[in-house]
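Encoded as structure tokens, the structure appears first; notes follow it.
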Amino acid sequence: MTNPHKVGFVIGALIGGWHVLWALLVLIGWAQPIIDFIFWAHMIEPIYRIKAFDSKAAVTLIAVTAAIGYVSGFIGAFIWNRLHRRSADCAKTG
């Protein structure tokens, strides 16, 4: 059985951590060249410009994405456990 809280924490940490990296890229001025490269590689004309670093926006971004990651991981693990339990019950009665 999978622990939904642990899975939620791991997914939340991964997604939140990814956005910490993004905020750091904005802070040091590397975000624009990276996003331009990503758009170029996907054959998309880059129309977006990265704004100046805003600590309040960065904290909000990280907190919201980490929370969404936690909830998504928790729900995913909960569903996994329910489906796994049902398949195990079917195997016993089959």
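The values are calculated or read from the model by the stated rules, or taken from the named source; none is laboratory data. Every value quoted in this text rests on a predicted model; they were computed, and no experiment measured them. Neighbour counts run over all protein chains shown; Cβ positions are idealised from the backbone, glycine included.
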*Give me a count of the residues in the stretch 18-51 that are touching a residue at least 40 places away in the same chain (Cβ under 8 Å) and of a type outside the set (A, V, I, L, M, F, W, C).*
1
*Subset of the stretch 50-94 [exposed (fewer than 10 other Cβ atoms within 10 Å of the Cβ) and at pLDDT 95 or above]*: ALA52, SER55, LYS56
*Mind checking which residues of the stretch 1-10 are assigned to a helix (DSSP H, G or I) and closer than 15 Å to ASN81 by Cβ?*
PRO4, HIS5, LYS6, VAL7, GLY8
_Against the conditions (1) surrounded by fewer than 15 Cβ atoms within 10 Å (Cβ to Cβ); (2) in a helix (DSSP H, G or I); (3) over 19 Å from the mean Cα position of the chain (by Cα), where does MET43 fall short? Just the number, please._
(2)
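How many residues, within the stretch 21-38, are closer than 30 Å to ILE79 by Cβ and surrounded by fewer than 15 Cβ atoms within 10 Å (Cβ to Cβ)? Step through it out loud before you land on a result.
Let us first name the residues in the stretch 21-38 that are closer than 30 Å to ILE79 by Cβ, namely 21-22.
Now narrow it down to the ones that are surrounded by fewer than 15 Cβ atoms within 10 Å (Cβ to Cβ): 21.
Selection size over the stretch 21-38: 1.
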*Among the residues of the stretch 53-69, is there at least one that is of a type in the set (Ser, Thr, Tyr) and either assigned to a loop (DSSP other than H, G, I, E, B) or under 17 Å from the mean Cα position of the chain (by Cα) (or both)?*
yes
